[in-house]
Structure formats: structure tokens, C-alpha cells
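Chemist: Below is one structure. I have some questions about it.
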Amino acid sequence: MEKFDAAQVLLWSLTYVLICIYMFRYRKRRAVGIPYIACCFNFGWELNALFGQGGRWEHILWTGLDAVIFCLNYRTIKDKKKRVAYLACFAAGAICLYYIFNIPSGMLISSFVADITMAAAFVLQRKQIDKNGKVFIATTKLLGDIFAWLAYMDETIFILIIGLLVFFLNAGYLVYSILEYKNKLPTLKKKPVKQKKKTDSPTIPKQKKKKKKRNT
């Protein structure tokens, strides 16, 4: 269990780092790194986990990376009303999660709710996600969720079922990302086949037809 937990921490850290790198590198394109609702929920969860767990190193790292993603996502929104809605969604989610964390096993169960929310959001908004690094991010995200599920699947039947659903959603998203990437590849142009030069046949000069003079 500890090995699985350590693996999911490493893979999810790599996922967040990759998202930050690609979002910052292509920031002029205003591409979305994590779907807005999933980003709000995830950032709110990390803040509650950071303060609730007494500052564990992985939550410090994840909160910092989520803050970067949250801000980069914010700047992709041009409409002021949508920006306000984005901030309100984050505030409402963080407050709700604060009370959920006080319920026994609330933190663990809400983490898998956050996982399935993110997995579903990535599938539903797959066309809005930046194409750069999509396959790599989809792969690390899939593996991170698999190890998280293996680490905690014995806790409750709820986590067992949610983990399976998350796996299928992530696998579908990865397949879509691979197919999307392959369609982007330039098609190979076939080299023209060199034809053998035909031997020039002697040209017969065309004789001009003489016009017959009409007898007057």
C-alpha cells in the first residue's frame, strides 16, 4: 500500500509539472490545462488537505502547482462574468470541502470524487484541452490514478467502484489523445516514380499542303 501511495504521489506530481510546463510555454494561445470546474474543485481540495494534514510535503507541492494551473486557467478566460463565476466556483467548492473534511473518511472519499470529476471533465472537454503534451499528461494521469486506486481500494466499496470508473474514463481519454496526435502527423508524400525516357523517334517533317488554284 505504501509503495502504491508513493507511486501515485510521484506520478501525480509529474502530471501537474507537465501541465504547468506546457501551459506556460504556450500561454499566448490561452490553452486550457485542466477543465475549469475540475481545476476549481482540485485546487480547493488541495488547500483543505494542506491545512488539514499539517503541511505534508506532497500537499505543499501539489497546492503550489495547482495554484499556478489555477492562475494560468484564469487568464484564458476573457469574459469578466465568467472570471467571476470561475472564482465563485472555487470559493464555493473550497468551503464545501472544508466541512466534508470534518466527516470521518471525508478527505479520502472526496479525493476520489475529485478524481472522477476530473476524469469526466477531461473526457467531456477533450477538444478544449491543449494538444501539446496531451498524450504524456494523459498517460501519467492514468497511471497516477491506477496506483491511487490500488493503494486505497480496500478501504470502501465506494472507492473500489469509483476507481474502476476513473480507470475507464482515463483510458478512453488516453486513446482519444493518441488518435488525435496521429491525425496531426503529416502524411508522407509518395516520391514520383521516374519513368524511363522514350527513345526519340525520327520526326517526319510535315509537308505543307499546297492549295489548289481554281481555274478561272
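Where a number appears in this text, it was derived from the coordinates with a stated rule and is not lab data. These numbers come from a predicted model, not from an experiment. Note that we place each Cβ from the backbone using ideal geometry, even for glycine, and neighbour counts take in every protein chain shown.
Chemist: So between F4 and A171, what do we pick up on full extension, going 0.36 nm a residue minus the alpha carbon distance?
Modeler: Once the chain is fully extended between F4 and A171, it gains 58.2 nm.
Chemist: Tell me which trypsin sites (Lys or Arg not before Pro) from region 97-152 have a DSSP coil assignment and no more than 14 other beta carbons within 10 Å of their own.
Modeler: Here the trypsin sites (Lys or Arg not before Pro) that fit, given the DSSP loop and packing criteria, are K127.
Chemist: Turning to a different aspect of this structure: For K82 and L124, compute 0.36 nm times the residue count separating them, minus their Cα-Cα distance, and round to one decimal in nm.
Modeler: The K82-L124 span can extend by a further 13.2 nm.
Chemist: Decide, for region 1-122, between rounded, prolate and oblate: order the square roots of the alpha carbon gyration tensor eigenvalues as a ≥ b ≥ c, take rounded if a/c falls under 1.5, and otherwise choose prolate if a/b is larger than b/c, else oblate.
Modeler: oblate
Chemist: To the nearest 0.05, how large is the calculated FRET efficiency for R75 and Q53 if R₀ is 25 Å and r is the Cβ-Cβ distance?
Modeler: 0.25
Chemist: Could I have the simple spin-label model distance between I60 and F24, label points 7 Å from Cα toward Cβ, reported in nm to one decimal?
Modeler: 1.9
Chemist: Moving on to the next point. Once amide H atoms are built 1.01 Å from N in the peptide plane, which residues 5 or more positions from V32, or in another chain, come under 5 Å H to H?
Modeler: Those lying under 5 Å, H to H, from V32 are D130.
Chemist: Then there is this: What are the ³J(HN,Hα) couplings of region 119-127, residue after residue, when phi is run through the Karplus curve with 6.51, -1.76, 1.60 and θ = phi - 60°? Round to Hz, x for glycine and proline.
Modeler: 4, 5, 5, 5, 6, 5, 10, 4, 6
Chemist: Take peptides 40-52, 97-109 and line them up by average Cβ neighbours within 10 Å, highest first, as a rough protection proxy.
Modeler: The most tightly packed comes first, giving 40-52, 97-109.
Chemist: Mind giving me the nanometre distance, one decimal, between the label points for I161 and N132, set 7 Å out from Cα along Cα→Cβ?
Modeler: Output for this residue pair reads 4.2 nm.
Chemist: A further question on this structure: How large is ³J(HN,Hα) for each residue in region 74-85, as worked out from phi by the Karplus curve 6.51 cos²θ - 1.76 cosθ + 1.60 (θ = phi - 60°), to whole Hz, x for Gly and Pro?
Modeler: Here the 3J(HN,Hα) series is 4, 6, 7, 8, 8, 6, 5, 5, 5, 5, 5, 5 Hz.
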